[in-house]
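Student: Quick one: this structure, given as structure tokens, is what I'll be asking you about.
The values are calculated or read from the model by the stated rules, or taken from the named source; none is laboratory data. Not measured: the values here are computed from a predicted model. As a convention, Cβ positions derive from the backbone with ideal geometry for all residues, glycine included, and neighbour counts pool all protein chains shown. Areas reflect the complete protein model, heavy atoms only, side chains present, ligands, DNA and RNA absent. Shrake-Rupley method; radii C 1.70, N 1.55, O 1.52, S 1.80 Å.
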Amino acid sequence: AASVSASSRVASRRHMGSVDAGAAMEKIRAAGLLRTRGLIGGKWVDAYDGKTIEVQNPATGEVLANVACMGNRETADAITSANTTFYTWSKLTASERSKALRKWHDLLMSHKEELALLMTLEQGKPMKEALGEVNYGASFIEFFAEEAKRVYGDIIPPTLADRRLLVLKQPIGVVGAITPWNFPLAMITRKVGPALACGCTVVVKPSEFTPLTALAAADLALQAGIPAGALNVVMGNAPEIGDELMQSTQVRKITFTGSTAVGKKLMAGSANTVKKVSLELGGNAPCIVFDDADIDVAVKGSLAAKFRNSGQTCVCANRILVQEGVSMKNSQVHLSRLFRVCKSVMG
């Protein structure tokens, strides 16, 4: 899980690929994937009060776009739209939902380069990792397109001979999905894919730092045949959006990736309406090197764990613990190499 700080944004700048921002933005516009309005009920809408927020290129501080800054009113309308669409989307056969999701996957892959450019520009990750995230993010849609057809129920052995016990699995309803800035595509598809597959509808609140990727992905979902209102995107005033999602009786599930502190608030706020909650929260990830480890492998693994995605991952190593036996079983060359890496990683 990720939280945003000034230092983390600066770290992203250091690892930014040499992308010509102007040319990249033109390519994204030409593909029709630069959206700056929210998506409510299948329509692209401005904030009701006209407010906008800047989306900046972390490598340069340049403003890439001004997007709608939405709040509780827009979120309430998005929830209403999702709730209305739920009664038609959930009634489609699993095969019909699967076909729409599969087409969404294909469109994501056909626009792989534009989506990767967009991620690099607004989030700061290198192009190679951005391209990898498109593959990774699209894979969730592909997987759940197939799983949509495999949501099986159960037959339970009865306690009485004249009874038959059946379990029928049904979609829960509207899902509120709140995602972080570090994986602006994959964190959305990982939540939206299974929700849509089983018949739920979704209101997505992406990070205000990286909303452009979310809006582009939502545009492709519409093109794929995901019906208006099944997928809604609101961004901007996080406290207002979060409060509206928690207070609404129509929202039956909250899924969140982010800090532990915010996760606690979401869990507490969801209690009054007894929502189901799925939380992926911040941790404190150590990298442990035991005395029987291959030091070359340990060094490479430590570097990968610390610096992947510009150091912004849920399992980014922030402590390296080395067992004492390492000093007795490995050469001084290997040791000095490992401790240099440890020192650089730990700051």
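Student: Would you confirm, using the coordinates I've provided, whether I172 is part of a loop (DSSP other than H, G, I, E, B) and β-branched (V, I, T)?
Tutor: Values: part of a loop (DSSP other than H, G, I, E, B): yes; β-branched (V, I, T): yes.
Against the criterion (part of a loop (DSSP other than H, G, I, E, B) and β-branched (V, I, T)), I172 qualifies.
Student: Between residues in the range 267-290 that are touching a residue at least 60 places away in the same chain (Cβ under 8 Å) and aliphatic (A, V, I, L, M) and residues that are in a helix (DSSP H, G or I) and open to solvent by 40 Å² or more (accessible area, probe 1.4 Å), which pairs lie under 8 Å by C-beta distance while being six or more apart or on different chains?
Tutor: Every condition considered, the pairs that remain are L281/T260.
Student: Filter the range 123-146 down to the residues that are acidic (D, E) and modelled with pLDDT of 95 or more and list them by number. Steps first, please.
Tutor: Just the residues of the range 123-146 that are acidic (D, E), to begin with: 129, 133, 142, 146.
The answer is E133, E142, E146.
Student: Okay, next question. Which residues, taken from the range 297-311, are surrounded by fewer than 18 Cβ atoms within 10 Å (Cβ to Cβ) and small (G, A, S)?
Tutor: Once the filter is applied, which keeps residues that are surrounded by fewer than 18 Cβ atoms within 10 Å (Cβ to Cβ) and small (G, A, S), the range 297-311 yields G301, A304.
Student: Inspect all residues belonging to the range 189-202 and state whether any of them is modelled with pLDDT under 95 and either open to solvent by 60 Å² or more (accessible area, probe 1.4 Å) or farther than 30 Å from S110 by Cβ (or both). Steps first, answer last, please.
Tutor: Residues of the range 189-202 modelled with pLDDT under 95: none.
The answer is no, given that none of the residues of the range 189-202 is modelled with pLDDT under 95 and either open to solvent by 60 Å² or more (accessible area, probe 1.4 Å) or farther than 30 Å from S110 by Cβ (or both).
Student: Just name the residue that is surrounded by the fewest Cβ atoms within 10 Å (Cβ to Cβ) out of those in the range 315-335 that are of a type outside the set (A, V, I, L, M) and at pLDDT 80 or above.
Tutor: This residue is E324.
Student: Filter the range 49-84 for residues that are crowded, with 19+ Cβ neighbours inside 10 Å, polar (S, T, N, Q) and over 18 Å from E244 (Cβ atoms) and give the result.
Tutor: Within the range 49-84, just N57 meets the criteria.
Student: Do you know which residues across the range 208-227 are open to solvent by 10 Å² or more (accessible area, probe 1.4 Å) and under 24 Å from M246 (Cβ atoms)?
Tutor: Scanning the range 208-227 gives E208, F209.
Student: Determine whether the range 153-168 contains at least one residue that is more than 23 Å from I79 (Cβ to Cβ) and crowded, with 24+ Cβ neighbours inside 10 Å. Reasoning before the result, please.
Tutor: Start the filter on the range 153-168 by keeping residues that are more than 23 Å from I79 (Cβ to Cβ), which leaves 153-168.
Filter once more, keeping what is crowded, with 24+ Cβ neighbours inside 10 Å: none.
Taking every residue of the range 153-168 in turn, none turns out to be more than 23 Å from I79 (Cβ to Cβ) and crowded, with 24+ Cβ neighbours inside 10 Å.
Student: Something else about it: Which strands (runs of 3 or more DSSP E) does the range 201-288 wholly contain that include 1 or more residues that are over 23 Å from A31 (Cβ atoms) and not hydroxyl-bearing (S, T, Y)? Explain how you work it out, then say what you get.
Tutor: Working: elements: 201-205, 231-233, 251-258, 276-281.
Strands (runs of 3 or more DSSP E) meeting the threshold: 201-205, 251-258, 276-281.
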